[in-house]
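The values are calculated or read from the model by the stated rules, or taken from the named source; none is laboratory data. Quick caveat, the model's predicted, so the values are computed rather than measured. Don't worry about glycine lacking a Cβ; one is built from the backbone with ideal geometry, like all the others, and counts go over all protein chains shown. Accessible surface is based on the protein model in full, side chains and every heavy atom, while ligands, DNA and RNA are left aside. Shrake-Rupley method; radii C 1.70, N 1.55, O 1.52, S 1.80 Å.
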Amino acid sequence: MLAPLSIVPARRAGLVLIILEGVAVVAMVLMACAVLLLVAQGRGPQNDAPLRDLLVPAAGVGASAIALGLSFGLLSFAGFEQVATLGEEVEKSRFTIPRVLIGTVLGAGVVFTLVTAAETLGFGTDRAGVARFTTSTSLLADLSARYFGGWSGDLFDGLAICSALGGALASIVAASRILFALCRDMFPSSPMARISQASGTPRDAAVCVVVAAIVGYLILRLVFRASGSDAFFWGSTLGALALLVAYLLVVISAAGALLRPSGGARWLLFIPALAAVAIAYTLWVNVYPPQPGAYRVIPWLVLAWCCVPVIATLLHPRLLDLVASGCLATRDRMKQD
């Protein structure tokens, strides 16, 4: 299903994403509001609604534990920047994309805060509630079934599948556009640097991304004996940590832009500096102290992967010139949009 959708024009793929994710988000918001209302009426696992526990960490929860949890919080926001990869396919991209980015961050922030509050209070903040929360394999489905019956839990399991399909499609579309752009700038004769005449999309790059995802999943299952949930959480952790590195580079670039003579007010450096400290600390607590199992190795795999382009650039300095010239050409095309 995902392979055909990943090679159709972005407008059609976007419509499918809106349907898949839109229905799931609306259902999550309605369910979260209903749960919070029931908890406020005293029908939650605790007699009174412990609203204080939403804002004040429990005893024994330190800064490192909060930072470790932030890596999963960032994963919940991950993907908002993927719209930027469609800059060459969106009409009036210089007008549309910044507004979509801002709107996505604000909307995701509201939804994430609301749903997390419902999950926290709905399961309960006492020891038994935290145990139910941490052992749940489908938080929304279990929470919905707890308050509204088994049928609603099955419904949210189905919506979770739809949402996962939407997230996978968004990732494939974004990755294929990035792969296409890199190959177009560095290896213009490569098949992955071509646009399909039939669909107007980088079909070969999309197929390459889909095949790589399937191979990676098979390796996790067959070589490392991962269960389906293991493969999901391992891959999610890899992606979240890699995105943290990308976000760190972005805030460093923002700071560099502010340091230029025409960069603007220097006091704004406080914002990227604060973001850089938060991201760096979150990365650190994922490395030390070492986490159990595969999570002990995953941060080092991310570090090794991020070092690959650095080493390649050092060995072949011309690659940097090719990428830079490609970025300038893309900027010129977007200015003409």
Tell me, yes or no, whether the stretch 243-261 has at least one residue that is under 20 Å from G167 (Cβ atoms) and open to solvent by less than 30 Å² (accessible area, probe 1.4 Å). yes
For the subset of the stretch 26-43 comprising residues that are β-branched (V, I, T) and buried (at least 18 other Cβ atoms within 10 Å of the Cβ), which member is modelled with the lowest pLDDT? V39
Are there any pairs with C-beta distances below 9 angstrom linking a residue in the stretch 204-222 that is farther than 20 Å from L179 by Cα to a residue that is outside any helix (DSSP H, G or I) and of a type in the set (S, T, Y), with the two at least 6 apart or on different chains, and if so which? R221/S227
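Grab the helices (runs of 4 or more DSSP H) fully contained in the stretch 91-185, keeping just those with 2 or more residues being at pLDDT below 85 and surrounded by fewer than 19 Cβ atoms within 10 Å (Cβ to Cβ).
Of the helices (runs of 4 or more DSSP H) lying wholly inside the stretch 91-185, those with at least 2 residues that are at pLDDT below 85 and surrounded by fewer than 19 Cβ atoms within 10 Å (Cβ to Cβ) span 93-123, 127-135.
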Mind checking which residues of the stretch 285-308 are aliphatic (A, V, I, L, M) and surrounded by 14 or more Cβ atoms within 10 Å (Cβ to Cβ)? V285, V287, A294, I298, L301, V302, L303
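Within the group V211, V215, V223, V207, which residue is surrounded by 16 or more Cβ atoms within 10 Å (Cβ to Cβ) and of a type in the set (A, V, I, L, M)?
V207
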Keeping to the stretch 226-242, report how many residues are open to solvent by 50 Å² or more (accessible area, probe 1.4 Å), small (G, A, S) and in contact with a helix residue (DSSP H, G or I) (Cβ under 7 Å, 6 or more places away or on another chain). 0
Would you point out which residue out of Q46, Q82 is in a helix (DSSP H, G or I), surrounded by 12 or more Cβ atoms within 10 Å (Cβ to Cβ), modelled with pLDDT of 70 or more and among the polar types (S, T, N, Q)? Q82
